[in-house]
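The values are calculated or read from the model by the stated rules, or taken from the named source; none is laboratory data. Bear in mind the structure is a predicted one, so any value in this text is a computation, not a measurement. We place every Cβ from the backbone using ideal geometry, glycine too, and count neighbours over all the protein chains shown. Accessible surface is based on the protein model in full, side chains and every heavy atom, while ligands, DNA and RNA are left aside. Shrake-Rupley method; radii C 1.70, N 1.55, O 1.52, S 1.80 Å.
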Amino acid sequence: MRIDDLRIPESAKRVIIESGITELYPPQEEAVRAGALDGKNLVLASPTASGKTLVAELCALKHIIEYGGKVLYLTPLRALASEKYHEFRKYSILKKDSGGRIAVGISTGDYDSSDPWLGRYDILILTNEKCDSLLRHKASWIDEVSLVVADEVHLINDADRGPTLEVVLARLRQVNPDAQILALSATIRNSDEIADWLGAIPITTEWRPVELREGVLLGDEIQFKDGGATKIKRRVRDPSINLALHMVDKGGQALIFASTRKSSVSLARRAASEVEKLLSRAVKRSLESVSELVLASGEKTRISDLLAELIRRGVAFHHAGLSPQHRRIVEDAFRDGKIKVLTATPTLAFGVNLPARMVIISSYRRYEPGYGYYPISVLEYKQMVGRAGRPKYDKVGESVLIAKTDDERDYLFDSYILAKPERIWSKLGVERVLRSHVLATIASGFAHSEQGLYDFFNLTFYAYQYDIRAIRGVISRIMRFLYDENMIEVSGSKIYATTFGKRVSQLYIDPVSAIMIREALRCGASKLTELSFLHMIAHTPDMFPRLRASSKELDRLALFAEEHIDEFMFETPDEWADRLSYEEFLGEVKIAWVLKSWIDEASEEDIIERFDVEPGDLYRLVDTSKWLLYAARELAMLLGYRDLASQLTELRERVEKGVKPELLPLARLEGIGRMRARVLYDAGFRSLEDGRRAPIDELMSLPLIGPRIAKRIKEQVGGLVKAEEWDRLSKGEGTEQQALTEYY
Ligand code: ADP
């Protein structure tokens, strides 16, 4: 089926054809034939890169241009949201029938706003959490939505992210029963069930744009499912590296999945000395500039140094400990074909689209502390091998598992290559997960009685799979709890949220977090410090990532806790009576201590050295803490603790910037991170007024500042600069590396 033959507006066809797409891929054709363009609900379960997004684009354009509709595109991750945003942006040149161009928007943060301005977008890309928060705030434009695209809908199976996704879908269907639903999914065994739940037509395909050859390496031979075999040269001891080298030798790239951060780094190190030998001079030169970009981005740490060194040799690692900027540099350089071998933890398989000609699964086992080793799921295996083969570049993609014996090879064939992915199951039926959704359902007026609550939860996938009776007991326990904690009131058969309950729901925090914060603010601490507040938020169930105190840290953390005992707002668990809670407490103390070091301007390297907390973890801690400190501040205002509220406001900003209080005015300037703010401050520029009065060449001469940043400072603080000087600076712009902007 050709794009030209589709019943979509001509202008939309032109944009698609200009982007190089003229014919539909088979799964797309199937979706169109099933009624995607006639408003039918569909669940499209199809492998990665089989073109699911285009189906969403076609439907979206039809809705917007022809009916003046509004489209929500929901994704589980921020990184995916921005990927989709860039894909949809190309349509913003198109005109709607009603006049005006298509407005494409994205929103992934700030959970405490109804964002009325989002109403002006025709296509809005949101994370599931952001959509959930908009529903709680009753964003006025939600009922104008005529198409909902739910990406990666198989994530309903994920204990952390799944429940929000299914609640959001149920809620949107409750609010807008007529909106078309398009759910996109990896191939899973029970996509029919999801379709049935959504009143949708199921479409399942195994079609891929690039053929996939799945195999197992045993000794020096890969045996493929299709019966073929390939011999691999044994150059080093590690079979994953031999496979990768085999690929690089043939001019391709390899992606090695490792089970832990540590093993991803050690594999990359070991691969580098061999990969280096296979690089041409031109490739080495281009890698040199990627490596410099890494060094020029963000703070210098042992991780950035190692990453830069490995990139120079054609290899990189990718895991959640990398800062977001470094991760992006690695992704871009791999996509551009510069980096030849990338080692990654499995998180990569679920996030960004990063294909390689060969995917190597170095280990099919994972380790969980307290649980031991277990084999990965077929679904995870399929997601990983789904990365094999670069559309438009490779004719075939290969994926390889590694076996040590004949038996193991047979096991791997049976358990992964020939196996079907597991069924997915709703994870909503847990009290911890449900309580915030129960509160939100009442607080936003989606239910006014106990029966109303059951009616709503009856719309979820959980109720579809298990029957609502399975969670009635949990829901009524939660109601009792919310009532006891003064979050809801009951009058006859009617249920209302209290002002407190409403605010908690809007702030998008777990009711238990809110109760902890309420208690902490009420009782205070005998000595109230920044650490008190930082520990307060670390103690809430919303803190993420949770850090574990390793055995060698326990004594040090216990000592620190002892020294600061009168600063904590919660009682310390007894070390001897309840060892588990005590160690958990030390984990919270660790988070508080890391954050405290951060706002006291410890360097990232220092934080790695002292806490084994890597930049990516720190970034997520900072992100969550900003949100929780904001929520705590709002609760402090509501509960009448104005003093505490203003302390929390400052603390939040310090956590955001990673600075001591005196640096705040400088760190608020755009392009000035914590390091530059400190340089300016120590050079005597302590306020904006100092910056205004400073001659520009004095600013320029400071380390880390330079002409471009000096100009940006002047643009923001004002002050006199000679016209010719300004012109000279403006001309020089763009020649400096753009990577010099600090991240935090
Ligand atoms: P999925 O969402 O299934 O993972 P994508 O929608 O991201 O897959 O598609 C993968 C790539 O294939 C994209 O670069 C897209 O532009 C391209 N593509 C999609 N449909 C077609 C088509 N019909 N013809 C050629 N290329 C296509």
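FRET efficiency for ARG686 and ALA282, Cβ-Cβ distance as r, R0 = 56 Å, nearest 0.05? Present the calculation step by step, with values, prior to reporting the outcome.
Values: r = 49 Å, r/R0 = 0.87.
The formula returns an efficiency of 0.70 here.
When the expected Rg is taken as 2.2 N^0.38 Å, what fraction or multiple of it is the alpha-carbon Rg of region 516-585? Each step should come with its number before you reach the end.
Details: Rg = 12.1 Å, N = 70, 2.2 N^0.38 = 11.1 Å.
Ratio of Cα Rg to 2.2 N^0.38 Å: 1.09.
Just the accessible area per residue of the chain, please: how many Å² with a 1.4 Å probe?
42 Å²
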Under-5 Å amide H pairs with ILE106, H placed in peptide plane, nonlocal only: ILE125
Shape of region 503-549, Cα gyration tensor, a/c cut at 1.5: oblate
DSSP-defined antiparallel bridges as percent of all bridges, the chain, nearest 5: 25 percent
Burial order of peptide ranges 34-44, 271-281, 671-681 (average beta-carbon count within 10 Å, highest first): 671-681, 34-44, 271-281
Distance between region 389-433 and region 39-108 - C-alpha centres, whole angstrom: 30 Å
Near-label residues of region 268-304 by backbone N, under 15 Å of a point 7 Å along Cα→Cβ of ARG328: 293-299
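How compact is region 437-484 by the rule of thumb for globular proteins, expressed as Cα Rg over 2.2 N^0.38 Å? Kindly include the intermediate steps, with their values, before the conclusion.
Working: Rg = 10.2 Å, N = 48, 2.2 N^0.38 = 9.6 Å.
For region 437-484, the normalised Cα radius of gyration comes out at 1.07.
Quickly estimate the mean residue ellipticity at 222 nm for the chain, helices only: each DSSP H run with n ≥ 4 gives -39500 (n - 2.57), and the total goes over all residues, rounded to 500.
Numbers: 33 runs with 353 residues, N = 744.
Rounded to the nearest 500, the figure is -14000 deg cm²/dmol.
List the pairs from LYS596/LYS626; LYS233/LYS395; LYS660/LYS711; LYS596/LYS657; LYS233/LYS284; LYS40/LYS62 whose alpha-carbon separation is above 18 Å, in the order I gave them. Walk me through the numbers before you get to the answer.
Working: LYS596/LYS626 13 Å; LYS233/LYS395 23 Å; LYS660/LYS711 25 Å; LYS596/LYS657 12 Å; LYS233/LYS284 24 Å; LYS40/LYS62 13 Å.
The answer is LYS233/LYS395; LYS660/LYS711; LYS233/LYS284.
Would you please give the FRET efficiency between TYR393 and ASP220, computed as 1/(1 + (r/R0)^6) with r the Cβ-Cβ distance and R0 = 30 Å, to the nearest 0.05?
Efficiency, from the Cβ-Cβ distance: 0.65.
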FRET efficiency for ASP5 and ARG472, using Cβ-Cβ distance with R0 set to 51 Å, rounded to 0.05: 0.50
Percent accessible area from carbon and sulfur atoms, region 414-488, protein chains only, probe 1.4 Å: 48 percent
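Could you tell me which helices of the chain pass both thresholds, a Cα extent of 27 Å or more along their own axis and a mean Kyte-Doolittle hydropathy of at least -1.0, with helices taken as whole DSSP H runs?
579-599, 615-638
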Three-way shape label, region 46-88, alpha-carbon gyration tensor, a/c 1.5: oblate
The chain - percent relative contact order, Cα under 8 Å, separation 6 or more: 10 percent
Ratio of the Cα radius of gyration of region 381-458 to 2.2 N^0.38 Å, where N counts its residues: 1.96
Reachable lysines from LYS494, criterion Cα separation under 28 angstrom, eight or more residues apart if same chain: LYS138, LYS502
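What's the extension gain from ARG189 to ALA577 if we count 0.36 nm per residue and subtract their Cα-Cα distance?
Values: separation 388, 0.36 × 388 = 139.68 nm, distance 4.66 nm.
Answer, rounded to one decimal: 135.0 nm.
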Accessible surface of region 1-41 [probe 1.4 Å, protein heavy atoms]: carbon and sulfur percent: 47 percent
Solvent-accessible area, 1.4 Å probe, carbon plus sulfur percent, for region 508-547: 59 percent
Convex hull volume of the chain per residue (C-alpha atoms, cubic angstrom): 187 Å³
